[in-house]
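A short reminder: the numbers here are calculations on the coordinates, not readings from a lab. Given the structure is predicted, the values throughout are model-derived calculations rather than measurements. Neighbour counts run over all protein chains shown; Cβ positions are idealised from the backbone, glycine included.
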Amino acid sequence: MGVMRGSSVSERALGLLVVAAVVVAGCGGRGRGAGGAGDVTIAVRAASNLADAPVEVDVRGLAGHGRAMLAADWRRFALGRSPGAVWTSRTPLRANADGTVVLRGLDGMRFLWAMRPARPTDVPVAFEPPATGPSDVALRVIVGGRTVARASLSRRISPASVRIHRLTLRRDGLDGLLFSPVGSGRRPAVLALGGSGGGNEMVWLAGLLAAHGYPTLALAYAGEPGLPSRVARIPLEYFARAGGILRGRADVDPAHVVALGASYGGEAGLLVAADFPHVFHGAVGLVPSAVVTSGFPLGRPAWTLHNRTVFEQGQPIPVERISGPVLTEGAGQDGTWDSAGAVSQVEQRLTDHGFGFAHVGLVYPQAGHGSGAAIPYLPTPTDQASRGGTPRADAAAKAALWPRILTFLDHLS
């Protein structure tokens, strides 16, 4: 039920600090064409090199109405000295009468979100760029089997100005990574919780939120040394402690700390915001459950409070207790659980109780569970089919959802 994870994310996030040389976003190249083409050029433009920035690709110099191929290769992060696996895409191009192709918008960015591993794998895996530093997408225009132009697109999760602080169980009573933007003043902050896969699945979302100015703590609550191996009997006090650490920071507005989670983390975020309204002042639940679900093994309680089971399995989460705005997102084709129904239930409960804060429920009818990953334009996980929806539907949902999350946070300040 969680966002796909590979090796230990705590280890990964530390290894991600070793980065390659910078390649400026928007660079392009040229080469001799074929089949009637002249000098073929490719230009890549983006408002920034952050991973959530839309990209426009402009290819010129092809033969009028000629066909070509855009090849894209992007290397997944490397852990330690092991090279990261290459993900790739091949996008057919058809030039207009002037020999020009312009790729823009969601379908124009298919060369990113439709990427697959160059070497097939039987193990489900998600594409994960470095959490810090640039990561380069190599682009080639191919005509008649020959490369006629090249370009590099630089993407990154967070700029160099974002500071990263590791929290440990031994020192802090927590396992997490805190991403802090540089700047003066207090800002709304986010506690980011991943799903049932364990580990720290929200490193990338946390880094990108920090890039937009929001201090964010990506918190592991299972699947790491010293933590429960699975989602079972996780104390909600653990999340409250993390919220307290955020509230005590000089760069955080203690009146605007939000619990944000995806899948099981979405359930946990709604629960902890409801049970600790003095710590959290709002919640974002992405493909969540609206009721308390079972942990692992099935039948065991997922959450505890004061060493007791929080609620009986199937009992609605008392979202009306949350002391701030609520945003939920669900997928109409969710292959994991009925997140669209959960959004409807949360909205109905808030309305029935005369909830005093803003609340909105978003449902993307064609998307699957993977839409809860939220970050737009990253390649689709290899197990997308089991999560429901389609790669394009999930890409469209994330492209629409992400700015709604940023707007939600912006309205807190």
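Note on ARG392 and HIS278: the model spin-label points, each 7 Å out from Cα along the C-beta direction, lie 5.3 nm apart.
Computed from the C-alpha gyration tensor, the three semi-axes of the ellipsoid equivalent to region 315-413 are 25, 16, 9 Å, from longest to shortest. For region 163-410, what proportion of DSSP beta bridges, expressed in % and rounded to the nearest 5, is antiparallel? Taking every DSSP beta bridge within region 163-410, about 35 percent pair in antiparallel fashion.
What FRET efficiency comes out for the pair LEU106/ARG171, r = Cβ-Cβ distance, R0 = 51 Å, nearest 0.05? Numbers along the way, then the final one.
Values: r = 44 Å, r/R0 = 0.85.
E(calc), rounded to 0.05, equals 0.70.
A cut-off under 12 angstrom between Cβ atoms defines the neighbours of GLY372, and their net charge, with Lys, Arg +1 and Asp, Glu -1, is -3. Around the amide H of ARG300, modelled in the peptide plane, lie the amide H atoms of GLY295, all under 5 Å away and 5 or more residues distant in sequence or on another chain.
The stretch between GLU56 and ALA250, if pulled fully straight at 0.36 nm per residue, gains 65.9 nm over its current Cα-Cα span. Rg/Rh for region 154-210 (Cα atoms only, Rh after Kirkwood) is 0.98.
Region 251-273 and region 110-144 have Cα centres separated by 31 Å.
Take every Cα pair under 8 Å whose residues are at least 6 apart in sequence, average their separation, divide by the length of the chain, and the relative contact order is 14 percent.
Using mean Cβ contacts within 10 Å as the protection proxy, how do 339-348, 196-205 order, highest first?
Working: 339-348: 21.6, 196-205: 25.9.
Result, highest mean first: 196-205, 339-348.
The modelled label-to-label distance for the pair HIS411/SER294, using points 7 Å beyond Cα in the direction of Cβ, is 3.8 nm.
Mean projected area of the Cα convex hull of region 91-131, taken over all directions, amounts to 4.6 nm². The rule of thumb for compact globular proteins, 2.2 N^0.38 Å, goes into the C-alpha radius of gyration of region 84-209 1.41 times. Per residue of the chain, the DSSP helices (runs of n ≥ 4 H) give a summed -39500 (n - 2.57) that works out to -6000 deg cm²/dmol at 222 nm. Note down the nm distance, to one decimal, between modelled labels 7 Å out along Cα→Cβ at SER161 and at ALA118. The modelled label-to-label distance comes out at 3.5 nm.
From the mean inverse distance of alpha carbon pairs (Kirkwood) and the Cα radius of gyration, derive Rg over Rh for the chain. Each step should come with its number before you reach the end.
Numbers: Rg = 22.0 Å, Rh = 21.9 Å.
The Rg/Rh ratio comes out at 1.00.
Taking amide hydrogens as placed 1.01 Å from N in the peptide plane, the amide H of VAL291 sits under 5 Å from those of ILE317, each at least 5 positions away in sequence or on another chain.
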